[in-house]
Amino acid sequence: MEYPIYQVDAFTERRFHGNPAAVVISEEWLAAEVMQAVAAENNLAETAFLVREGARFGIRWFTPTVEIDLCGHATLASAHVLFEQGYTSGDAIELRYGGGVLNVTRDGERLALDFPSLPPTRTRADSELGAALGALPDEAHIAKAQMAVYASAKAIRALEPDMTAVAKLEGYGLIVTAPGDDCDFVSRFFAPQSGVPEDPVTGSAHCTLIPYWSKRLGKTRLHARQISPRGGELWCEDRGERVTIAGFAASYLKGSISI
């Protein structure tokens, strides 16, 4: 059987920047082991799989090694494909996932994700975290991922984490963040325990970053950059129990896979 596949660079207006994601569309769910094998073959941070379910689409996400329960950039990429390739009409899409329904809407030229807010709880910045990152952070927090807060974007750029040590930390990954020089805040994200040493742009991490920075800066609308080597840009809003994460997307590849 052949299935359409697309590759999209998310959270960027330019190809070869942002976070690349693959999107596979089928009439019914492929076996989990097949989806995992396809994601491993693609060897991107995430591959999203979509199945039409009436007026909405079901969505699942796989890294090269595991299925994950929420992914921002591959959701943005999926919505971009559905709009651009004519799989849906109008300005809004509903995507059903294990945690409920995600809504994606057109926001001018950008696409806006409606995601759950996952505020962090402050913890102690211990030596284990400092050793994993190579520099002790000013603050440490935990949500679904750990989060380390530093004083400057320069400090974030200089980090060279020990990925073996990071993989042993609590949580599904590690967010590092600081105030931005030309935006409200910057971040990087490391998830070697999920097969992704450094994720170029991580929408789901912003479910935790947005409530933290909204409270710290006293504002609900935020402009963010993820300062990985590829880089990405996000426009965010804190809406209480939900957050909005918006960005651009650029198509790169269209083809088919044989299974």
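Here's the yes/no breakdown for (1) farther than 15 Å from Tyr150 by Cβ; (2) in contact with a helix residue (DSSP H, G or I) (Cβ under 7 Å, 6 or more places away or on another chain):
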{"residue": "Asp182", "(1), (2)": "yes, no"}
{"residue": "Val196", "(1), (2)": "yes, no"}
{"residue": "Tyr212", "(1), (2)": "no, no"}
{"residue": "Arg221", "(1), (2)": "yes, no"}
{"residue": "Ile227", "(1), (2)": "no, yes"}
{"residue": "Gly232", "(1), (2)": "yes, no"}
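Number of residues in the stretch 53-94 that are surrounded by 15 or more Cβ atoms within 10 Å (Cβ to Cβ), outside any helix (DSSP H, G or I) and either basic (Lys, Arg) or touching a residue at least 40 places away in the same chain (Cβ under 8 Å) (or both): the value is 10.
Here the stretch 186-195 is the region considered, the condition is being modelled with pLDDT of 95 or more and not in a helix (DSSP H, G or I), and the residue that is nearest to the chain's Cα centre (by Cα) is Phe189. Pairing each residue of the stretch 236-248 that is more than 21 Å from Glu109 (Cα to Cα) with any residue that is part of a strand (DSSP E or B), provided the two are 6+ apart or on different chains, yields C-beta distances under 6 Å for Arg242/Asp114.
Restricting attention to the stretch 1-25, the residues that are under 17 Å from the mean Cα position of the chain (by Cα), of a type outside the set (Asp, Glu) and either assigned to a strand (DSSP E or B) or closer than 10 Å to Leu44 by Cβ (or both) add up to 8.
Per the listing Asp126, Asp184, the residue uniquely surrounded by 18 or more Cβ atoms within 10 Å (Cβ to Cβ) and among the acidic types (Asp, Glu) is Asp184. The residues of the stretch 201-237 that are surrounded by fewer than 24 Cβ atoms within 10 Å (Cβ to Cβ) and in a loop (DSSP other than H, G, I, E, B), listed by number, are Gly218, Lys219, Thr220, Ile227, Ser228, Pro229, Arg230, Gly231.
The values are calculated or read from the model by the stated rules, or taken from the named source; none is laboratory data. Predicted model only: the values in this text are computed from it and were never measured. All Cβ positions, even for glycine, are placed from backbone atoms using ideal geometry, and neighbour counts span all protein chains on display.
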